[in-house]
Amino acid sequence: MGHLIELKDIYKIYHMGEETVHALDGINLTVDQGEFVAIVGSSGSGKSTAMNIIGCLDVPTSGTYHLGGIDVSTMEDDQQAEIRNKMLGFIFQQYNLIPKLTVQENVELPLLYAGVSAEERRERAIQSLGRVGLADKRKNLPSQLSGGQQQRVSIARALAGKPSVILADEPTGALDSRTGREVLRFLQKLNQEGDTVVLITHDNSIAVKAKRIVRLQDGRIIYDGDASDPQAVVQPQEDAGEGETA
């Protein structure tokens, strides 16, 4: 079996006036089924661009991206949208819940777009809410829940589509640290249950909760390895060749 995610020589180049910005500067990255990977970097490191490409929200300037063996790097928007709906579950910093819909309706929404029947939508929504411990809140409105519970609803929404990859973009950014830890524990639990999780963050204390850390700087990968290795959280010096040892 091939890799679930395979980025090969990925460049993303923006032209800003006279300036050329290499948001991604030749990235090679593979993620296998069942991994829990944190992509870490400060603002401007390229991590958001990497997230957009992995999430089929953008296409690279050059290079190839295979998701589940399918080349998605040259797809048109509508084809990308279809792959996104089928294979990816998103968790964002802002929960993006619709205030007028109940918790269950929010979880069902992507399934509605995907054309899943009403009965199966209900079943999957209840099952997903059960996995995040919120089955009893399914008739509530988002405003009746705490921030941590709302983020868990957004995790349930991501799970309901039975995605190949859960992509979490700064998922604890809007939460206090205790609630943030609780949400991370959920992501760890989902990973233990077999889900593939890719977490994007600027925060080392969050990144170390993953099993593997990929650190970006200036659009390049400067570390890729075990999250428990001290090297994983050391900010590299500007020395030439630094980070090559990983």
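Note on exposure: 16, 51 ranked by accessible area (1.4 Å probe, complete protein assembly) read 16, 51, with the most exposed listed first. Tell me, what % of the accessible area of region 157-231 is carbon and sulfur with a 1.4 angstrom probe? Carbon-and-sulfur percentage of accessible area, whole number: 44.
Please list, by residue number, every one of the GluC sites (Glu not before Pro) in region 1-91 that is coil in DSSP and has at most 10 other beta-carbon atoms within 10 Å. Mind dumping the intermediate values first?
On the way: sites: 6, 18, 19, 35, 76, 82; in loops: 18, 35, 76.
Within region 1-91, the qualifying GluC sites (Glu not before Pro) (loop, at most 10 other Cβ atoms within 10 Å) are 18, 76.
Semi-axis lengths, largest first, of the ellipsoid equivalent to the chain are 31, 21, 16 Å, with √(5λ) applied to each eigenvalue of the Cα gyration tensor. Put +1 on the Cβ of each Lys and Arg and -1 on the Cβ of each Asp and Glu in region 19-158; which of 48, 127, 109 then has its Cα farthest toward the positive end of the dipole? Positive-most Cα among the choices belongs to 127.
In whole percent, and with a 1.4 Å probe on the protein chains, what portion of the accessible area of region 45-156 is carbon and sulfur?
On the way: 2610 of 5390 Å².
Of all accessible area on region 45-156, carbon and sulfur atoms account for 48 percent.
Which whole-angstrom value gives the distance between the alpha carbon centres of region 11-30 and region 122-188? Result: 33 Å between the Cα centres. What the chain shows is 49 Å² of accessible area per residue, with the surface traced by a 1.4 Å probe over protein heavy atoms.
I need the fraction of alpha carbon pairs in region 100-204 separated by more than 19 Å, rounded to a whole percent.
Working: 2246 of 5460 pairs.
Within region 100-204, distances greater than 19 Å cover 41 percent of Cα pairs.
Entry note, the chain: the mean residue ellipticity at 222 nm calculated from DSSP H runs of n ≥ 4, each adding -39500 (n - 2.57), is -9500 deg cm²/dmol after division by the residues and rounding to the nearest 500.
Estimated from the Cβ-Cβ distance and a Förster radius of 30 angstrom, the FRET efficiency linking residue 189 and residue 226 is about 0.90.
Using only C-alpha positions, report the orientation-averaged shadow area of the convex hull of region 50-104, nm², one decimal.
The number I arrive at for region 50-104 is 4.9 nm².
Residue 128 exposes around 10 Å² of accessible area when a 1.4 Å probe is run over every protein chain in place. Legend: translational diffusion of region 1-115 by Stokes-Einstein, Rh = Kirkwood radius over C-alpha pairs, 37 °C, 0.692 mPa s; D = 207 µm²/s.
The values are calculated or read from the model by the stated rules, or taken from the named source; none is laboratory data. Keep in mind that this is a model prediction, so the values were computed, not measured. Virtual Cβ from ideal backbone geometry, glycine too; neighbours counted across all protein chains shown. For accessibility, only protein heavy atoms count, side chains too; no ligands or nucleic acids. Shrake-Rupley method; radii C 1.70, N 1.55, O 1.52, S 1.80 Å.
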